[in-house]
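**Student:** Below is one structure. I have some questions about it.
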Amino acid sequence: PASSLLPDTTDPIISIIFPVDGLTIGEATVTVTGDASDDTKVAQVELSLNGGSFETASGTTSWSKDVTLLEGSNTLTARATDLAGNTAEASATVIYQPTIITNLVVSNGETYEIDTLATDKKVYIDRGFKFKQVPAVLEGKDFIRTANADKGETAADFITFDLTGEARVYILYDDRASVLSAWLDDVAWTLDVITQDTTDVLRRVYYQDFIAGPVQLGGNAMPPMSGASSNYNVVVAASPP
């Protein structure tokens, strides 16, 4: 008797890798990435934003698609289709909260991340340390996630960025420092009564108020610094703080 092939009824598998579900980001344009697989072949991956029409992504088993988020909560839905027309979907919610920080530049070429500060978030882009209980005044504020490998930087213009409005800039500095970096050891910076603990070290908190425009911060180890063995972080709160 003639043989017949069984129809393919197995759905593909798809996942969204970035952004992770629940992430808050400060940039409107984001590249959504993910993976997909199938027992035969993934024919197409598409992405929908906030229930809109599906648009074709680049790639299949490894895919990506640029989207422009709306302010507030956004729902991303990815759909994979195999050769037999079977489909599967995955979704993630991402919150777009416009940041007051723009044009962030690190003088050594490193790419720092802008996030919002919260308990259990990562301190650095290159270490697993996390923030412990975040003081209310810092909770949810724009935060620059630096690299601990840059703790030895000495440039006077190590970090530069622009503020879109008036803001209070906080520096979370290694509590072990016996002598501050020259740029931070200035009357313009005030030592706050609060501290910020991490799974690395306790941080002293310094702050200064700025108008809209450029901000320049020096390197962690700018002379005559002594004792600060972990790099600092930056938190920015739009005025009023």
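**Student:** To the nearest 20 Debye, how big is the dipole of the chain about its Cα centre, given +1 on the beta carbon of each Lys and Arg and -1 on that of each Asp and Glu?
**Tutor:** Computed charge dipole of the chain: roughly 480 debye.
**Student:** Next question, about the same structure. With a ≥ b ≥ c the root eigenvalues of the C-alpha gyration tensor of the chain, is it rounded (a/c under 1.5), prolate (a/b larger than b/c) or oblate?
**Tutor:** prolate
**Student:** Farthest toward the dipole's positive end in the chain, which of PHE158, THR29, ASN74, given Cβ charges of +1 (Lys, Arg) and -1 (Asp, Glu) about the Cα centre?
**Tutor:** Value: PHE158.
**Student:** With a point put 7 Å past each Cα toward its Cβ, work out how far PHE18 is from THR164 in nm, to one decimal.
**Tutor:** Reported label-point gap for PHE18 and THR164 is 2.1 nm.
**Student:** If a/c stays under 1.5 just call it rounded; otherwise compare a/b with b/c (prolate if a/b is bigger, oblate if not). Do that for segment 113-241, with a ≥ b ≥ c from the square roots of the Cα gyration tensor eigenvalues.
**Tutor:** In terms of gyration-tensor shape, rounded.
**Student:** Let me ask something else. Sort segment 187-241 into rounded, prolate or oblate with this rule: let a ≥ b ≥ c be the square roots of the eigenvalues of the Cα gyration tensor; rounded if a/c is under 1.5, and if a/c is not under 1.5, prolate when a/b is larger than b/c, oblate otherwise.
**Tutor:** In terms of gyration-tensor shape, oblate.
**Student:** Sequence gap at least 6, Cα distance under 8 Å: using those rules, report the relative contact order of segment 13-96 to the nearest whole percent.
**Tutor:** 39
**Student:** While we're looking at this one, here's another question. What is the magnitude of the charge dipole of segment 13-96 about its Cα centre, with +1 placed on the Cβ of each Lys and Arg, -1 on the Cβ of each Asp and Glu, and no other charges, expressed in debye to the nearest 20?
**Tutor:** I would put it at about 40 debye.
**Student:** What's the lysine pair count for the chain at a Cα cut-off below 18 Å, pairs eight or more apart or interchain?
**Tutor:** 10
**Student:** Also, I was wondering about something else. With labels modelled as points extended 7 Å from the Cα through the Cβ direction, what inter-label distance (nm, one decimal) is found for ILE95 paired with GLU110?
**Tutor:** Computed distance between label sites ILE95 and GLU110 equals 2.8 nm.
**Student:** Between ASN50 and ALA118, with labels modelled 7 Å along Cα→Cβ, what's the label distance in nm to one decimal, could you check?
**Tutor:** Spacing of the two 7 Å Cα→Cβ label points: 2.1 nm.
**Student:** Please find the FRET efficiency linking ASP157 to LYS41, where r is the Cβ-Cβ separation and R0 is fixed at 51 Å, and quote it to the nearest 0.05.
**Tutor:** Rounded to the nearest 0.05, the efficiency is 0.50.
**Student:** Between SER64 and THR102, what is the FRET efficiency for a Förster distance of 22 Å, r being their Cβ-Cβ separation, to the nearest 0.05?
**Tutor:** So, using R0 = 22 Å, E works out to roughly 0.35.
Laboratory data are not the source of any read-out in this text; all were calculated from the coordinates shown. Owing to the predicted nature of the structure, the values given are computational and were not obtained by experimental measurement. Glycine gets a Cβ as well: all are built from the backbone with ideal geometry, and neighbour counts include every protein chain shown.
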